[in-house]
1. Please say if region 1-116 is rounded, prolate or oblate, where rounded means a/c under 1.5 for a ≥ b ≥ c the square roots of the C-alpha gyration tensor eigenvalues, and otherwise the choice is prolate for a/b larger than b/c and oblate otherwise?
2. To the nearest 10 square angstrom, how much accessible area does residue 132 have with a 1.4 angstrom probe?
3. So, in nm, how far is label residue 214 from label residue 38 when the simple model puts each one 7 Å beyond its Cα toward the Cβ?
4. How many nm separate the modelled label positions at residue 28 and residue 195, each set 7 Å beyond the Cα in the direction of the Cβ?
5. Counting only protein chains, not ligands or nucleic acids, how are 191, 129, 214 ordered by accessible area (probe 1.4 Å), most first?
6. Testing the spin-label approximation: label points 7 Å from Cα along Cα→Cβ at residue 21 and residue 91. State their distance in nm.
7. Give me the percent of the accessible area of region 41-121 that comes from carbon and sulfur atoms, probe 1.4 Å, all protein chains in place.
8. May I ask you to compute the full-extension gain from residue 160 to residue 130, defined as 0.36 nm times their residue separation minus their alpha-carbon distance, rounded to one decimal in nm?
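The values are calculated or read from the model by the stated rules, or taken from the named source; none is laboratory data. This structure is a prediction, so every number in the text was calculated from the model and none was measured. When we count neighbours, we look across all protein chains shown, and the Cβ atoms used for this are built from the backbone with ideal geometry, even at glycine. Please note that ligands, DNA and RNA were not included when accessible areas were found on the heavy atoms of the full protein model with its side chains. Shrake-Rupley method; radii C 1.70, N 1.55, O 1.52, S 1.80 Å.
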Amino acid sequence: MKIWKDEEVKALFGQVESCKKNGSPLRSAFAAHAQSFKRKPNSVRNYYYHEVDNLAQDEARRARLGVELSLHEKVHFESFAKEQEEELFEKIEKLVQEGCSVRLACQKLSNGNLALMTRLQNKYQNMCRKIKQDNNIIHFQPKQKLLTDNDINSLFLGLVKLIKKNATEEAMEKSQVSNQLLKKAFADLGRKDKELSSLKAEFERLKKENEVLRLMHTQNKNDALKNHLISKRNKLEQPNSKRV
């Protein structure tokens, strides 16, 4: 691999050191250098690690460039086990609740090791994204029982009475405090009316779905009876066929 000019090598190592100090991923240093010197980010990355190995063997050149090689050590991490991930997440969450930023929490847990700090921070952020995605997944449970219209109406009316009762009690309590709270109570009532409308729409959808299921059930019974009668008729016709 062709050796780059000293000035460009100094610039590259300086950008890497700056990223490590700020806790930024090294790829941002490679991308910035590539843009400044008209190179490809992957080429910059490959040259950087190649140059780290070269400088480890060339003390004179290392001194000429003024590179502190301890800031550029290659670190090989093993993958986190599930138990380690959970323990790490709990420790960071605890420090954040105590007032630390995520970066400061990772810095404390890494004992000042910038490479490890960056790794812990990235792992925590990935876990947060995964938890958020998992919470957005809706699991639908299959219906085990067909509800009658009376069941649906009774349930709906019971919920309506309960919601209105709670809303009325809440409004009365708030009206005793001040006019401002009374206005808020009416606003809450309006919101609850919207909730009731939404609930009613959901019950209507449920009734339609229940009716479809009931029709399908009835159709299946009719089909079964029809097939039974056809089979019986065929059996009765068989002796006549033999006489002919």
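1. prolate
2. The value for residue 132 is about 140 Å².
3. 7.8
4. According to this spin-label approximation, the distance is 4.3 nm.
5. On the way: 191 105, 129 130, 214 75 Å².
Sorted descending by solvent-accessible area, the residues read 129, 191, 214.
6. Going from the residue 21 label point to the residue 91 one covers 2.7 nm.
7. Numbers: 2390 of 5250 Å².
It is 45 percent, rounded to a whole number.
8. Full extension from residue 160 to residue 130 adds 7.0 nm.
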